[in-house]
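Q: Here it is: the structure, laid out below.
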Amino acid sequence: MQVKMRANAGLFIAIEGVDGSGKSTQFARLQKRLNQAGYETATFTFPQYDQPSSYFVRAYLDGHYGDTNDVGPYTSSLFYALDRYEAAPHIQAALDAGKVVLIDRYVGSNMAHQGTKFNHAEERRGYFIWLDNLEFEMLRIPRPDANIVLRVPAETAHDLITRRADNASARKRDMHEKNLDHLKKTVEVYDDMCQLFPRDFQRVDCTRGGELLDIDTIHEIIWQKIEPFLPTKPKERAPEAEAHA
C-alpha cells in the first residue's frame, strides 16, 4: 500500500465502507491498538450529527428537501462538505501535533453515496474530480494519507444492518442505508473508486469464500496495511496517564 506522507509527523487514516461493513468496530479496534502501542490518536466521525454544522445533512436525510434521490449529487455534497469544513481546523491541529487521526467516513463516503446518482461512469468520474477540487483545493480540508475501504457484499451488509436496526439512532436517520438497492450501487461505486484511485483508496475484502471474516482477522489485515507508515518512535504516554489506563 502506498501512503501519501505529509510534512508533519501526523498520520491521517479514514475508514470507509457501506453501513454494515464493520466500520465502527474496526475503527474502535484500531484506535485501541494504536493507543496501547503508545501513539496519540484523535478521532472524528462524520456526519457530525450532534453539531450545528450538520444541519443541512440532517435536513437532507430527514427528507426536508424531498426524497434524497431528487436532490442532485452536487447540491447534497455541499451539505456534507460544509460539515467537514467546520471540523477541518481540529483535524489539522491534531496532525500538526503529530497524532494519528482516525476518521469514520470522510470524503470517500460522499463519493460513494452520491456517485450512485449517476447512470454513466464518465459523468460520475467528472463528479469525483469536482468533489476532490471542492473539498481539498477550495475548502482546504485535510486530505487523508490513506482511505481504508471495508468491502462487504451488499446482501451481507443489509443482513447485519437488519439485525442491529435498533442500536443506533443516527443510522435510523440515514435513509440511504435502509435501501438494499442503494447498498448494492454503493458497493459498486466503492469498487470503482478503488480501481480508479488505488493510491487513495485501499480495499480490504471482509469476506472469503462467501463467508464474513472474523473481526480479529479483518483488524490484522488493516493493521498490516498501516503499520509500516506509523511513526517509528511513538510518543510515550505520561506516567499519570499510564496509572489511569
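Each value in this text was obtained by applying a stated rule to the coordinates, not by laboratory testing. Computed from a predicted structure; not experimentally measured. Every residue, glycine among them, receives a Cβ derived from its backbone with ideal geometry; neighbour counts consider all protein chains shown.
Q: Please list, in chain and number order, the residues 5+ apart from residue 100 or on another chain whose amide H is under 5 Å from its amide H, with Hs placed from the backbone.
A: Residues meeting the amide H criterion: 11, 40, 41, 42.
Q: Follow-up question, since we're still on this one. Calculated FRET efficiency, residue 217 and residue 69, Cβ-Cβ r, R0 45 Å, to nearest 0.05? Don't skip to the answer; put the middle values down first.
A: On the way: r = 36 Å, r/R0 = 0.80.
About 0.80, to the nearest 0.05.
Q: With the Cα gyration tensor of segment 36-102 in hand, convert its eigenvalues to equivalent ellipsoid semi-axes via √(5λ) and list them largest first in whole Å. Don't jump to the answer; show the numbers that get you there.
A: On the way: eigenvalues 186, 24, 18 Å².
Rounded to whole Å, the semi-axes are 30, 11, 9.
Q: Quick query: amide H of residue 18 versus all other amide H atoms, modeled in the peptide plane; which residues come in under 5 Å with a sequence gap of 5 or more or a different chain?
A: When sequence neighbours closer than 5 places are left aside, the close amide H contacts are 152.
Q: While we're on this one: What residues qualify as long-range amide H neighbours of residue 203, i.e. H under 5 Å apart, gap of 5 or more or another chain, H built at 1.01 Å from N?
A: Those lying under 5 Å, H to H, from residue 203 are 149.
Q: How far apart, in nm, are two points set 7 Å out from the Cα along the Cα-to-Cβ line at residue 32 and at residue 191?
A: Between residue 32 and residue 191, the simple spin-label model gives 3.2 nm.
Q: With each label point set 7 Å from Cα along the Cα-Cβ vector, what nm distance links residue 159 and residue 55?
A: Calculated label separation equals 4.3 nm.
Q: Let me ask something else about it. Using a Förster distance of 25 Å, how high is the FRET efficiency between residue 43 and residue 207, based on the Cβ-Cβ distance and rounded to 0.05? Could the numbers behind the result be given before it?
A: Details: r = 26 Å, r/R0 = 1.05.
That pair, residue 43 with residue 207, gives E of 0.40.
Q: Right, next: Using square roots of five times the C-alpha gyration tensor eigenvalues, list the equivalent-ellipsoid semi-axes of segment 12-232 in whole Å, biggest first.
A: On the way: eigenvalues 123, 94, 61 Å².
Semi-axes, largest first: 25, 22, 17 Å.
Q: About its Cα centre, how strong a charge dipole does segment 12-232 have in debye, to the nearest 20, once Lys and Arg get +1 and Asp and Glu get -1 at the Cβ? Could you put the intermediate results ahead of the total?
A: Working: 26 positive and 33 negative charges, 57 e Å.
I would put it at about 280 debye.
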